[in-house]
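Note sheet for the following structure.
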Amino acid sequence: MEDGRHPCQASATHTPSSTDSSPTAVPTASNTSPTETFCRACGVPTGDAVSILSPPPWSESSPPPTYRPIRAPAINAPTNTSAIILAPVPQPLPVPVADRPFRFEVPTKRISSVDDIQRFHSSAAGRHFLGFVAALSHSVRGRKISDLVPPLSPSLSCLLSFLETLTKWIDEIPPQPHGLRYGNPAYRSWHEKLSAESYLLILPILTSDELRPAADELLPYLLDSFGNASRIDYGTGHETNFAAFLYCLARLGLLGEEDYPGLVTRVFVAYLHLMRKLQTVYCLEPAGSHGVWGLDDFHFLPFIFGSAQLIDHKYMKPKSIHNQDILDNFSSEYMYLAGVAFIKTVKKGVFAEHSPMLDDISGVPNWGKVNSGLLKMYKAEVLEKVPIMQHFLFGSLIKWYDTLSYLLL
């Protein structure tokens, strides 16, 4: 804001109606006491509460405490929600098949600033990657997980076999006794086995001599899709790498739009099952978690795909997540409900307190609005965050454009 106020303070004069369920609604001074004048999106005091609750400035006799985080702390407050609301909804786009002859290369990191983020999203690679996620979401509208899908292609069958093998390894490598809340060292053994055998495991997907050299470009995406072995953590950046791996397979022509329903309800569901088992067995630490202001400690895409599944459902509405019977009976069919049910098993206490974002979203009137809002939020909170995207990789299949020529594409 040009006047220097907190973004939410500029909207403090908004007067919500009795049915206003927007997470950005802010009480006004006319209908609440000063101590209740807080932004619901980030908890920052607004109006009179700012002057009442602002602490005195630090002085030489009372300097601020020294704070040296081990690593860059997560920003616990969400991005300016008004910017997300006004942003266009990402639309499905076809994935352009890579031109022959292929020139595969080992992908590298290229993003280090907000300008780099803008360059990526303005490029064909950025637009088509986000369009791929939107297309996957669109492909499962109104579909249950158990619904029939077109016959699985060889690529989908190979991916399912690959994920099944990784899941079995967890049983073969039990957690080690340790006294920490997060980070069982046995996960490093699991990940080491993944690194050693992943090349052989993905070769069945690369069905020709022309495609086998693609392994050098695909493996870095795949190996970073299941968490970080050094930190023993996992987050939305790793999940995005798995989506990038699938996007690269589509760029090679190994996945077509007819595969998308099975890719989501079969392959991605298997990936989600694997990751939740890794998270619980090896106590993976959330990577860059937003705390209570995050949608989920580990995942984002299941809520996008799961909300698409529930669009136009006759009986289940966003507020249905508060009905335990619905969660018990339908979480096996809908990823959104499964995500909420999993959170309730690992977090205790009042749902609105440990998951306020999901609680606020439950007040949205229909699943179509939830889905479009989550697509916009994924772009803003994941794909536009430097701490996440600085680890994203670029090669011949997801290209980085060094010059301003990307603006002309």
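Observations
- Cross-chain or 6+ apart pairs with Cβ under 8 Å, region 183-198 first and on the phi < 0 side of the Ramachandran plot and without any contact (Cβ under 8 Å) to a residue 24 or more places away in the chain, then of a type in the set (Val, Ile, Thr) and open to solvent by 10 Å² or more (accessible area, probe 1.4 Å): Ser189/Ile173
- Residues located in region 121-166, provided they are closer than 30 Å to Ala380 by Cβ, open to solvent by 20 Å² or more (accessible area, probe 1.4 Å) and polar (S, T, N, Q): Ser122, Ser139
- Only one of the listed residues (Arg266, Arg251) is among the basic types (Lys, Arg), at pLDDT 95 or above and closer than 26 Å to Lys168 by Cβ. That residue is Arg266.
- Scanning region 196-224 for residues that are closer than 21 Å to Pro174 by Cα and open to solvent by less than 60 Å² (accessible area, probe 1.4 Å), we see that the one that is farthest from the chain's Cα centre (by Cα) is Ser198.
- Note on region 263-284: residues that are over 20 Å from the mean Cα position of the chain (by Cα) and of a type outside the set (A, V, I, L, M, F, W, C) total 1.
- Some residue of region 116-127 being under 22 Å from Gly306 (Cα atoms) and modelled with pLDDT of 75 or more: no
- Filter result (free of Cβ contacts under 8 Å to residues at least 60 places away in the same chain and open to solvent by less than 10 Å² (accessible area, probe 1.4 Å)) within region 234-245: Phe242, Phe245
- Failed condition for Leu295, given (1) part of a helix (DSSP H, G or I); (2) closer than 25 Å to Gly237 by Cα; (3) among the hydrophobic types (A, V, I, L, M, F, W, C): (1)
- Filtered by the rule that a residue be modelled with pLDDT of 95 or more and either over 14 Å from the mean Cα position of the chain (by Cα) or more than 30 Å from Pro101 (Cβ to Cβ) (or both), region 392-401 gives Leu393, Phe394, Gly395, Ser396, Leu397, Ile398, Lys399, Trp400.
- Test for Ser332: is it hydroxyl-bearing (Ser, Thr, Tyr), over 27 Å from Pro88 (Cβ atoms), modelled with pLDDT of 95 or more and in a helix (DSSP H, G or I): no
- Scope region 153-182; condition in contact (Cβ under 8 Å) with a residue 40 or more places away in the chain and among the hydroxyl-bearing types (Ser, Thr, Tyr); matching residues: Ser153, Ser155, Ser161, Thr167, Tyr182
- Residues (basic (Lys, Arg) and either in a loop (DSSP other than H, G, I, E, B) or under 16 Å from Leu249 (Cβ atoms) (or both)) located in region 88-112: Arg100, Arg103, Arg110
- Per the listing Met357, Met377, the residue uniquely closer than 28 Å to Pro261 by Cα, in contact with an Asp or Glu (Cβ under 9 Å, 6 or more places away or on another chain) and either of a type outside the set (A, V, I, L, M, F, W, C) or open to solvent by 10 Å² or more (accessible area, probe 1.4 Å) (or both) is Met357.
Yes/no per residue for (1) in contact with a Leu (Cβ under 6 Å, 6 or more places away or on another chain); (2) in contact (Cβ under 8 Å) with a residue 40 or more places away in the chain; (3) closer than 20 Å to Leu156 by Cα; (4) among the aliphatic types (A, V, I, L, M):
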position	(1), (2), (3), (4)
Leu203	no, no, yes, yes
Leu249	yes, yes, yes, yes
Leu255	yes, yes, yes, yes
Pro261	no, yes, yes, no
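- Applying the set (1) within 30 Å of Ile111 (Cα to Cα); (2) open to solvent by 70 Å² or more (accessible area, probe 1.4 Å) to Ile398 leaves exactly one unmet item: (2).
- Evaluated against (1) in contact (Cβ under 8 Å) with a residue 60 or more places away in the chain; (2) in a helix (DSSP H, G or I), Glu210 falls short on exactly one condition, (2).
- Filtering region 337-387 to residues that are more than 13 Å from the chain's Cα centre (by Cα) and in a loop (DSSP other than H, G, I, E, B) leaves Lys347, Lys348, Gly349, Val350, Ser355, Ser362, Gly363, Val364, Pro365, Asn366.
- Residue list for region 127-156, restricted to those being in a loop (DSSP other than H, G, I, E, B), within 20 Å of Ala338 (Cα to Cα) and of a type in the set (S, T, N, Q): Ser146
- Residues being over 21 Å from Leu246 (Cα atoms) and either of a type in the set (Gly, Ala, Ser) or in contact with a helix residue (DSSP H, G or I) (Cβ under 9 Å, 6 or more places away or on another chain) (or both) - total across region 87-116: 7
The values are calculated or read from the model by the stated rules, or taken from the named source; none is laboratory data. Predicted model, so just to flag it, every value in this text is computed and none were measured. Cβ atoms come from the backbone with ideal geometry, glycine included; neighbour counts cover every protein chain shown. The area values use the complete protein model at the heavy-atom level, side chains included, leaving out ligands, DNA and RNA. Shrake-Rupley method; radii C 1.70, N 1.55, O 1.52, S 1.80 Å.
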